[in-house]
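Down below is the structure, laid out as structure tokens.
Derivation of every value follows stated rules applied to the coordinates shown; laboratory data play no part. Quantities reported herein were computed from a predicted structural model and do not represent experimental measurements. We place every Cβ from the backbone using ideal geometry, glycine too, and count neighbours over all the protein chains shown.
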Amino acid sequence: MRRALSLLLVLLVLLGAAAWLAWIGLGWQMNLPAANTAPVRVQVAPGSSLRSTLLALQQQGALRHARLVELYLRLHGPTPRLQSGTYDVPPHSSAREVLDQLINGRVVLESVTVVEGWSFAQMRSALDAHPAVAHQLRGLSAQQLMGALGHPGEAAEGRFFPDTYRFAAGTSDRHILELAYERMQDELDAAWNSRAPDLPLANPDEALILASIVEKETGREDERPKVAAVFVNRLRLGMRLQSDPTVIYGLGEDYDGHIHSRDLETDTPYNSYTRSGLPPTPIALPGAAALQATLHPAASDALYFVATGNGDGTHHFSATLAEHDVALRAYLHKLGVAPDAKVAAPPASGKTP
């Protein structure tokens with residue numbers, strides 16, 4: 001009997017040692033690098049089982065032994081929940097590193113860029129055309145879309161911040177638009193709360209409208225405060241803004257790429273030649289620089305500006321109509337246009353009252 005008990009004890013010790021070695025061996029396997037020498041892209045579909053995901057990783061070389069990894073996970077408690085999505089597994093990742101990536105959902109991020117100065121329609125077109133976006137709001141009018149986002153009755157133009165948005169494949173257009181809306185609200189609030197004193201702007205909405213005009217008038221960051229100053233000075237004096245981009249926006253699909261004299265005379269709610277004050281809504285999506293320039297205009301008495309024609313996007317700013325006429329003639333001369341010829345004023349230029 002004693003001999004049998006001794007043998008049983010030895011057997012138990014051996015079994016325990018074997019189990020301990022197996023345990024240690026599984027842990028060691030979890031830390032071994034995989035054989036892949038390049039990133040491996042893996043798609044984890046919603047509802048995919050742990051086993052099928054591990055086998056797919058093994059087949060693509062991103063995992064050494066799928067069954068050993070599954071056993072290790074089962075021995076260490078509840079089966080982890082893998083996040084669905086597209087993953088790029090780095091070269092020579094260990095099983096532990098791969099699982100950490102999948103459990104925490106570090107998926108491949110897509111991106112969509114909304115350009116400063118775009119219209120809301122252009123932003124929607126970019127979202128509609130993106131293959132990785134889940135389209136929940138496609139086909140809705142701008143008014144219906146704003147209602148769906150929880151802002152009924154609010155104009156969509158200008159309300160979304162232009163930036164590059166990164167997102168996981170399958171993210172809805174609704175979510176991206178909500179992010180862009182909130183970002184614009186935050187940027188506008190911050191700029192408004194730090195605004196220069198005594199601006200002729202009654203509220204943040206008016207600041208947003210003027211910032212959209214500044215955004216469309218010049219692409220030069222160094223000139224935006226000067227352009228903003230011209231329009232702020234005009235508003236203070238009750239002068240019409242006479243900004244070509246507002247006319248273009250009001251023309252809509254009727255704009256043929258050129259501004260004609262008849263366009264300046266055709267009244268629309270956005271024609272700042274025929275109407276005083278600000279347009280009813282923004283005319284584009286202004287960026288942070290345009291918002292800051294609008295609410296911190298340059299110290300200037302300029303009321304006019306016209307392109308220099310130097311090919312660098314610069315403008316000449318004038319405080320008097322006489323000075324502006326000289327600058328305008330110089331610009332026309334560089335274009336090879338006779339000073340007395342009737343031509344449409346160049347884009348991104350201030351106008352005479």
* To do: Take the alpha carbon atoms of the range 181-240, find their radius of gyration, then divide it by 2.2 N^0.38 Å using N residues; give the quotient.
  => 1.13
* Structure fact -> About its Cα centre, the chain carries a charge dipole, from +1 on Lys and Arg Cβ atoms and -1 on Asp and Glu Cβ atoms, whose size in debye to the nearest 20 is 2180
* Structure fact -> Over all pairs of different Cα atoms in the range 196-335, the reciprocal of the mean inverse distance gives a Kirkwood radius in Å of 15.3
* What relative contact order, as a whole-number percentage, does the range 196-335 give when Cα pairs under 8 Å and 6 or more residues apart are counted? -> 30
* Cα convex hull of the chain: mean projected area in nm², to one decimal? -> 27.0
